[in-house]
There are 2 protein chains.
Amino acid sequence: MSQICVKFESASKILSKRWVGLIIHQLLEGPKRFNQLESELNISGKVLSEKLKELEALDLIKRDVYPTTPVKVEYSLTKKGEGLDPVIKAIEVWSQNWI
Amino acid sequence: MSQICVKFESASKILSKRWVGLIIHQLLEGPKRFNQLESELNISGKVLSEKLKELEALDLIKRDVYPTTPVKVEYSLTKKGEGLDPVIKAIEVWSQNWI
């Protein structure tokens, strides 16, 4: 029981961080570039950059660099990040009904 | 978008609080008495009492008092609390696979 508890709380703590759920939500649509996320989320470049690093450290997203000119950088979900799809959908439904 | 964001974050913040997810998890099985929750969760009476008050204030659980001798008090989920069922199940699955 207490082990379920710890895991459960770690998971919900990740999602409760500012912007985290929303960035994952946007990346569930597919890989995106930095500028695209910036304008879709209406977030400052500085904050977005911090959040993307946090999500990368949690192994929820990955950063792919394509050696074109200019270099193309895309962010996408890892398998662990994709696994949050049902969680995010369920929270969305509940929060729209009850918050 | 920003409104979804606020609602989503409020919802996940509630669940990330210590014990909250787990108490709701136990009450999804049905109404329970204080002592029953205390022993199932292996939580101190003081903390459980605080948490139950928090959850009542959030309108996630209700406290039913039956005028028997001795008085019987039971805690159960409200509709809003029951609505968290799919969220909790989804977080459980994800955290067991990935945390």
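Every number in this text was worked out from the coordinates using simple rules, so none of it is lab data. Everything numeric in this text was worked out from a predicted model, so none of it was measured. Cβ atoms come from the backbone with ideal geometry, glycine included; neighbour counts cover every protein chain shown.
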- Query: With each run of n ≥ 4 DSSP H residues scored as -39500 (n - 2.57), what mean residue ellipticity at 222 nm is computed for chain A after dividing by its residue count and rounding to the nearest 500 deg cm²/dmol?
  - Reply: -18500 deg cm²/dmol
- Message: Once the label point is set 7 Å along the Cα-to-beta-carbon vector, what list of distances in nm do you get between B:LYS79 and its counterparts in the other copies?
- Response: 4.2
- Which listed pairs, of A:LYS46/B:LYS53; A:LYS7/A:LYS72; A:LYS7/B:LYS53; A:LYS62/B:LYS17, have C-alpha distances above 32 Å, in listed order: A:LYS46/B:LYS53; A:LYS7/A:LYS72
- Message: Using only the Cα atoms of the protein assembly as shown, what semi-axes does the equivalent ellipsoid have when each is the square root of 5 times a gyration tensor eigenvalue? Give whole Å, largest first.
- Response: 39, 16, 12
- Message: Could you tell me the ratio Rg/Rh of the stretch A:1-49? Both radii from Cα atoms, Rh via Kirkwood.
- Response: 1.14
- Note on the structure: Using the Kirkwood radius over Cα pairs of the stretch B:23-65, the Stokes-Einstein translational diffusion coefficient at 4 °C and 1.567 mPa s, in µm²/s and rounded to a whole number, is 123 µm²/s
- Note on the structure: Taking the reciprocal of mean 1/r across every pair of different Cα atoms in chain B, the Kirkwood radius in Å is 14.5 Å
- Item | Lys, Arg +1 and Asp, Glu -1 on Cβ, resulting dipole of the stretch A:2-98 about Cα centre, debye, nearest 20 | 200 debye
- Task: Report, as an integer, the average count of C-beta atoms from other chains found within 10 Å of each Cβ along A:33-42.
- Result: 1
- Message: Relative to 2.2 N^0.38 Å, what does the C-alpha radius of gyration of the stretch B:48-98 come to as a ratio? Two decimals please.
- Response: 1.48
